[in-house]
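The values are calculated or read from the model by the stated rules, or taken from the named source; none is laboratory data. Remember, predicted model here, so these are calculated numbers, not experimental data. Note: ideal-geometry Cβ built from the backbone for every residue, glycine included; neighbour counts use all protein chains shown. Quick note on the areas: whole protein, heavy atoms, side chains included, nothing else; ligands and nucleic acids left out. Shrake-Rupley method; radii C 1.70, N 1.55, O 1.52, S 1.80 Å.
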Amino acid sequence: MRISVIGTGYLGATHAAGMAELGFEVVGVDTDAAKIRSLARGEVPFFEPGLPGLLRTHVESGRLRFTTDLAEAAAFADIHFVCVGTPQGANGAANLDYLHAVIDDLVPALTRNCLIVGKSTVPVGTAAALRERIAVLTPDGITVDLAWNPEFLREGHGVHDTLHPNRLVFGTTSPGAEWALREVYAASIAEGSPVVVTNLPTAELVKVSANAFLATKISFINAMAELCELTGGDVTLLADALGHDDRIGRKFLGAGLGYGGGCLPKDVRALIARADELGSGRSVDFLHGVDAVNVRRRDRVVDETLSLLRRSGSRVNGRVAVLGAAFKPLSDDVRDSPALDVARRLHDAGAHVTVYDPQANVSARSVAPELTYAANVNAALRKADVVLHLTEWAEFADLDPTEVRRVARGSVIIDARNALDPGRWLAAGWDFRALGRVVEAPAVVSSAPARRTGTSSVSSA
Ligand code: NAD
């Protein structure tokens with residue numbers, strides 16, 4: 001079986017290499033010529049652990065190649081996986097232009113029977129509309145089937161998730177499509193990955209509802225963080241206690257700066273927009289609240305930082321070290337990154353912001369060139385009045401707070417990810433603030449009560 005993967009971004013490049021690893025002959029197609037040149041050299045143009053080795057192996061073996069020529073893929077493959085972007089468009093709705101362009105260019109160029117498999121995340125009803133379009137465009141004498149196989153890989157774990165998916169969802173309208181997909185994923189199925197075979201709308205909805213659910217869980221705990229901040233509760237212990245209930249579970253109850261990236265924010269908004277189009281906006285009314293809580297966490301950190309800067313000598317133009325730019329660790333993806341959003345807003349307010357991210361400096365600079373980027377964490381921390389921990393890379397958890405105090409000018413840190421060890425920072429004299437909890441300094445007798453507004457803190461100094 002020969003496979004094409006159309007759209008070789010974070011998802012498509014990983015999927016293409018994964019398909020080659022499973023033993024298929026694969027061609028990857030993209031309109032971005034620079035990306036294709038890089039992939040064809042065996043170089044991954046973004047950060048994804050494990051992918052460079054897999055890509056190089058299969059490019060060198062000849063099992064995996066790349067082209068910008070869609071007609072070449074049309075003549076080559078039995079199955080076309082479509083992995084193009086579906087970014088946020090007007091009014092929050094998904095922009096399907098890239099998807100429509102692929103169908104309009106690919107289908108008339110087909111010279112052999114094939115199955116087109118959508119992997120992009122799309123609003124429910126998209127596949128049914130594409131089926132009609134495909135029927136109109138299909139050349140005479142050729143049979144083209146369409147299936148939807150939503151993707152659940154997590155950036156940072158993409159290779160593992162591609163080769164060992166925790167579930168497979170096949171939205172199909174024919175037994176032939178189901179069996180073709182069973183053949184593609186035979187190794188994962190043999191390994192025990194559960195398969196859900198369903199119709200097209202269910203397959204589309206599985207993906208967006210999974211992301212909406214995860215976003216809801218994050219915003220739920222962040223809403224509780226807001227209440228903790230007002231009352232002196234500790235959201236991290238609250239989450240631990242909730243998580244012991246296995247009907248709830250501890251995962252995705254990490255209170256902090258909220259979700260970001262190329263999927264959750266836009267998928268929540270696209271689901272709201274699609275429900276509105278369907279006349280059923282109230283079905284997902286609660287998602288407005290989910291989105292709003294998420295945005296408010298960013299506001300909280302921006303406001304707190306500006307008030308700290310004003311307090312330390314009324315300098316809103318003081319220096320802020322921003323640790324992290326990617327939307328999460330193990331990724332260089334800065335799409336709708338909470339960290340980069342906070343950094344930009346502080347810069348716009350007049351602060352001198354220096355950003356350091358172990359992997360995302362380059363991608364961040366390409367979208368936020370106005371910010372200053374440091375080559376290493378110490379350079380970012382130098383003379384900082386306030387330190388913001390915004391993406392929870394292991395490198396930041398390993399920092400020596402005493403050493404950081406020597407480099408920085410101020411002694412206030414906001415751990416917006418609840419991922420640092422407060423005891424170490426307090427012991428080194430930091431005014432340690434976190435989201436959703438008052439961090440008590442152990443064995444420090446103080447006459448002043450803990451502050452309980454904004455981010456919470458107790459300074460051991
Ligand atoms: P991306 O922006 O990294 O990649 C999309 C690629 O499609 C780009 O390289 C772009 O040049 C290419 N493209 C656009 N138009 C094209 C065309 N006409 N022909 C060929 N290539 C074209 O996006 P991504 O993160 O890989 O996401 C792709 C889709 O997968 C989205 O719908 C996303 O929601 C979904 N998804 C992503 C992830 C993830 O972790 N990134 C996970 C699951 C699902």
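Scanning the range 48-69 for residues that are open to solvent by 70 Å² or more (accessible area, probe 1.4 Å), within 27 Å of residue 358 (Cβ to Cβ) and either within 11 Å of the ligand (Cβ to nearest atom) or of a type outside the set (Ser, Thr, Tyr) (or both) yields a single hit, 56. Considering only residues in the range 28-47 that are near the ligand (Cβ under 7 Å from one of its atoms) and of a type outside the set (A, V, I, L, M), the one that is farthest from residue 69 (Cα to Cα) turns out to be 35.
Listed here are the residues, each with its yes/no results for (1) of a type in the set (Ser, Thr, Tyr); (2) free of Cβ contacts under 8 Å to residues at least 12 places away in the same chain.
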| site | (1), (2) |
| --- | --- |
| 8 | yes, no |
| 19 | no, no |
| 31 | yes, no |
| 34 | no, yes |
| 58 | no, no |
| 72 | no, no |
| 87 | no, no |
| 91 | no, no |
| 105 | no, no |
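Per the listing 342, 355, 362, the residue uniquely farther than 15 Å from residue 323 by Cβ and not in a loop (DSSP other than H, G, I, E, B) is 362. Taken as a whole, the range 70-78 holds at least one residue that is closer than 25 Å to residue 35 by Cβ, among the aromatic types (Phe, Trp, Tyr) and buried (at least 19 other Cβ atoms within 10 Å of the Cβ).
Could you please let me know if residue 257 is within 25 Å of residue 339 (Cβ to Cβ) and away from the ligand (no atom under 16 Å from the Cβ)? Yes, satisfied.
On the stretch given as the range 48-74, residues that are under 25 Å from residue 332 (Cβ atoms) and either modelled with pLDDT under 95 or assigned to a loop (DSSP other than H, G, I, E, B) (or both) total 4.
One residue alone among 121, 111 is in contact with a Lys or Arg (Cβ under 6 Å, 6 or more places away or on another chain) and modelled with pLDDT of 95 or more, and that residue is 121. What do you reckon, is residue 220 aromatic (Phe, Trp, Tyr) and within 16 Å of the ligand (Cβ to nearest atom)? Judged against the criteria, residue 220 is not a match. Only one of the listed residues (319, 345, 335) is under 23 Å from residue 378 (Cβ atoms) and surrounded by fewer than 24 Cβ atoms within 10 Å (Cβ to Cβ). That residue is 319.
Return the only residue of 375, 384, 339 being modelled with pLDDT of 95 or more and under 22 Å from the mean Cα position of the chain (by Cα).
From the options 375, 384, 339, the qualifying one is 339.
Mind checking which strands (runs of 3 or more DSSP E) fall wholly inside the range 75-152 and carry at least 1 residues that are in contact with a Gly (Cβ under 6 Å, 6 or more places away or on another chain) and within 13 Å of the ligand (Cβ to nearest atom)? Filter on the range 75-152 gives 79-82, 144-148. When the test is whether a residue is of a type outside the set (Gly, Ala, Ser) and either at positive phi or open to solvent by less than 10 Å² (accessible area, probe 1.4 Å) (or both), residue 282 does not pass it. Contact annotation: no residue pair with Cβ atoms under 8 Å, 6 or more positions apart or on different chains, pairs a residue in the range 184-213 that is under 25 Å from residue 125 (Cα atoms) and outside any loop (DSSP other than H, G, I, E, B) with a partner that is of a type in the set (Gly, Ala, Ser) and open to solvent by 60 Å² or more (accessible area, probe 1.4 Å).
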